[in-house]
Amino acid sequence: MAAAVRKVAAAAVTVVSLAVLGGGTAPPRAGGGACTLAPGALTVDDLPAGSSVLDCAAVGRLVTHAGAGVTVPGPGMKVSVDALTEDGSLHGFTLAVAADGTVSYDDLTDTAAHAAAPAAPDHARVSAAVPGRARAACADGAYATAGHKEYDTYEWFLGDGTLPGNLASGDARRVFEDAIGTITASRNDCGFGDTVTAKARFLSRTGNEADIDRDARCMARDGVSVWDAGDLSGGIVATTCSWSRAVSGGPDALREADVRFNTRDHTFTDHPSDTCSNTYDLRSVATHEAGHVFGLAHVGESHESQTMFTNSFACSTAARTLGRGDVLGLRALY
């Protein structure tokens, strides 16, 4: 025991010496004990899984991974960032803080999200993926969930700035309501009835902004769920940030979800034409983002026919309605 203490003390002295020389900070220690974090944005290596946000005074600090970022919430809370990219690459991760302050992460790899296919009779198992080929929307049962759901009613606001497609506020509201309604009513062309109990309600316009910065990172939440538009990283079409609280024995309870569309680098329309080029169908993108709000995660390669595929294709309206996997994912949550 004494030897272990001496080793820890020696390590601390070494790190302090490095810090004086500009060489770094003390790594957070799991299981208690103070730690020191450098100023500025942190990486997941600076605040590794198992460390304590309380011992490290990390609540409110920005943590980044592979270009995505979230602000550390307090104990018992989780925050997820999910970005829809123009090339379909995954961009996002989840940081959870347990009641005792311990940190954990999800989705820290660059691989496609795992596809879940329950074995129940009406939830047919997905066959092996065929690289480069999309399954028909109603034949593909792949889905992934983010570990949270809306137990009550998702109440949301519309930002008071310029909106995607330069739509008037009333038109944008109707587009977003329709997209959210596709999720809450599990609208699909596959013949699946609606058994999903999710609910939503629009409240009003607001001067609050989505708690998302120009690098598509989740900032500290303000308690108001806002859909708006603005400047995001160039390759990102839209981003959703979701905050939820731990629930014993079930998915976490959603507390806030903000959505921002990148209107600086991408154009949107509610009526794609035959001559459409490099323009995103707003309802398709909005339906995808609403899926994140209500707890669906991305599915990757060979699941292009699902609304929750990592990319809503430019000019395509296919994601306005759900595929088999999208519906099964919602049924698994609701």
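The values are calculated or read from the model by the stated rules, or taken from the named source; none is laboratory data. Not measured: the values here are computed from a predicted model. Methodologically, a virtual Cβ is constructed for each residue, glycine included, from the backbone with ideal geometry; neighbour enumeration extends over all protein chains shown.
Things worth noting here:
- Among (1) surrounded by fewer than 18 Cβ atoms within 10 Å (Cβ to Cβ); (2) touching a helix residue (DSSP H, G or I) at 6+ places or on another chain (Cβ under 9 Å); (3) within 18 Å of G92 (Cβ to Cβ) - the single one K199 does not satisfy: (3)
- Test: residue in the stretch 163-182 that is within 16 Å of the chain's Cα centre (by Cα) and part of a helix (DSSP H, G or I): yes
- Here S277 does not fit the description of being among the hydroxyl-bearing types (S, T, Y), more than 27 Å from K78 (Cα to Cα) and in contact with a helix residue (DSSP H, G or I) (Cβ under 8 Å, 6 or more places away or on another chain).
- Of all the listed residues (S312, S277, S305), the sole one being among the hydroxyl-bearing types (S, T, Y), under 17 Å from W227 (Cβ atoms) and assigned to a loop (DSSP other than H, G, I, E, B) is S312.
- Each residue in the stretch 48-91 was checked for being of a type outside the set (D, E, K, R) and in contact with a helix residue (DSSP H, G or I) (Cβ under 9 Å, 6 or more places away or on another chain), and 2 of them qualify.
- Candidates are the residues of the stretch 286-315 that are farther than 15 Å from A136 by Cβ and over 14 Å from the mean Cα position of the chain (by Cα); the one that is surrounded by the most Cβ atoms within 10 Å (Cβ to Cβ) is S312.
- Test result for R214, free of Cβ contacts under 8 Å to residues at least 24 places away in the same chain and of a type in the set (K, R): yes
- Residues in the stretch 36-53 that are of a type in the set (S, T, N, Q), under 18 Å from S104 (Cα atoms) and in a loop (DSSP other than H, G, I, E, B): S51 alone.
- Search result, residues across the stretch 240-274 that are closer than 18 Å to G92 by Cα and either basic (K, R) or touching a Leu at 6+ places or on another chain (Cβ under 6 Å) (or both): S244, R260, N262
- Tally of residues being buried (at least 22 other Cβ atoms within 10 Å of the Cβ) and either at pLDDT below 95 or under 30 Å from S302 (Cα atoms) (or both) across the stretch 56-67: 0
- Within the stretch 194-211, considering residues that are in a strand (DSSP E or B) and under 30 Å from A332 (Cα atoms), the one farthest from the chain's Cα centre (by Cα): L203
- Conditions (1) closer than 26 Å to N188 by Cβ; (2) touching an Asp or Glu at 6+ places or on another chain (Cβ under 7 Å); number of the one not met by R205: (1)
- Of the numbered criteria (1) surrounded by fewer than 17 Cβ atoms within 10 Å (Cβ to Cβ); (2) under 16 Å from V285 (Cα atoms), the one V175 fails is (1).
- Some residue of the stretch 167-181 being at pLDDT 95 or above, aromatic (F, W, Y) and closer than 30 Å to V72 by Cβ: yes
- Flag if V70 is more than 20 Å from N311 (Cα to Cα) and modelled with pLDDT of 95 or more: yes
Residue-wise test of (1) touching a Lys or Arg at 6+ places or on another chain (Cβ under 9 Å); (2) more than 16 Å from H91 (Cβ to Cβ).
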{"position": "A210", "(1), (2)": "yes, yes"}
{"position": "R217", "(1), (2)": "no, no"}
{"position": "L232", "(1), (2)": "yes, no"}
{"position": "D281", "(1), (2)": "yes, yes"}
